[in-house]
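Reading through the structure tokens given below for one structure.
The values are calculated or read from the model by the stated rules, or taken from the named source; none is laboratory data. Quick caveat: nothing in here was measured; it's all calculated off a predicted structure. Virtual Cβ from ideal backbone geometry, glycine too; neighbours counted across all protein chains shown. All accessible areas refer to the heavy atoms of the entire protein, side chains included, with ligands and DNA or RNA removed. Shrake-Rupley method; radii C 1.70, N 1.55, O 1.52, S 1.80 Å.
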Amino acid sequence: MARAIWKGAISFGLVHIPVSLNVAVSSERVDFDWLDKRSMEPVGYKRVNKVTGKEIDKDNIVKGVEYEKGRYVVISEQEIRDARPEATQTIDIFSFVQAGEIPLQHFDTPYYLSPDRRGGKVYALLRDTLESTGKVALATVVLHTRQHLALLRPLEDALVLITLRWPEEVRGVETLELDKSVTDAKVDKRELSMAKRLVEDMSGSWAPDEYHDAFRQTILDLVEEKASKGKIETVDKGEGKGVEKGADILDLTELLKRSLGGKPKGGKPAAKRPRKAS
């Protein structure tokens, strides 16, 4: 059973639906660690002053927002904490829109919603209402100290919550600066007909079991092959003398990271991301 990462309620009008939020995706990337090829010691990340090139202590680091070119406003940790949205356990629905209205480039991360504490019937009511009206619910929710714009939509017997990027995070198509060879293209009818036939010839059904990350699998196969030939390096995880040796690690990636599973990593919303001054 999926592990709930958040428990709260969906709220719209006077309706209150207790739910649990569950991860819907997992990261399957191969993680490469940096190693010093001369000694097979791990390579870390240092805090370095980019002007002097000298490493500095974390106590001397502050956070700043660039207000103008080369000019920053320093924000304290307390000010950052005060600015964060209040953590609530509510998915606040503020509107319902047609499912096709939201552009794909606004979509971010999907989560599964499951009913909690005898909320099954009202959960099913919202699911069936969205299904029959062809609409999705727009909402705000606070996850990991950040306020997110989100939508709720039905998926088979369940409800899915998908976080959305804030409008100012999404670049418009006009930023591509497409020239007239694209915008005013005169497509030949014969070419269009041939292209349509090609699409039909290559058409099929959605078959997710057939789609795989070939690069990741190639790397994992290479790791297994090199490991079977004894091409394994021992990495010293310690700092200085007297520290015990760390785990064996392959020269391509950590030995223990070969597993196929992985942990994934009312009223419209008032919160907006700050814009830089022009």
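Results, tabulated for the structure shown:
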{"read-out": "Residues whose placed amide H lies under 5 Å from that of L159, excluding near-sequence neighbours", "value": "L113"}
{"read-out": "For A9, distant residues with modelled amide H under 5 Å away", "value": "V19, T90, I91"}
{"read-out": "³J(HN,Hα) computed for each position of the stretch 106-111 - Karplus, 6.51 cos²θ - 1.76 cosθ + 1.60, integer Hz, glycine/proline x", "value": "8, 6, 10, 10, x, 9"}
{"read-out": "Cα gyration tensor shape for the stretch 67-145, rounded if a/c is under 1.5, else prolate or oblate", "value": "oblate"}
{"read-out": "Relative packing of 60-67, 199-206, which averages over residues the other C-beta atoms within 10 Å, highest first", "value": "60-67, 199-206"}
{"read-out": "Three-way shape call for the stretch 47-194 based on the alpha-carbon gyration tensor, with the a/c threshold at 1.5", "value": "oblate"}
{"read-out": "Overall form of the stretch 149-189 per C-alpha gyration tensor (a/c, 1.5; a/b vs b/c)", "value": "oblate"}
{"read-out": "Reachable aspartates and glutamates, given that their alpha-carbon falls under 17 Å from the alpha-carbon of K50 and they are not under 8 places away in the same chain", "value": "D59, E66"}
{"read-out": "Distance between the stretch 30-79 and the stretch 104-183 - C-alpha centres, whole angstrom", "value": "35"}
{"read-out": "Long pairs among K37/K226; K46/K69; K37/K229, criterion Cα-Cα beyond 22 Å", "value": "K46/K69"}
{"read-out": "Rounded to the nearest 10 Å², the accessible area of E86 at probe 1.4 Å", "value": "150"}
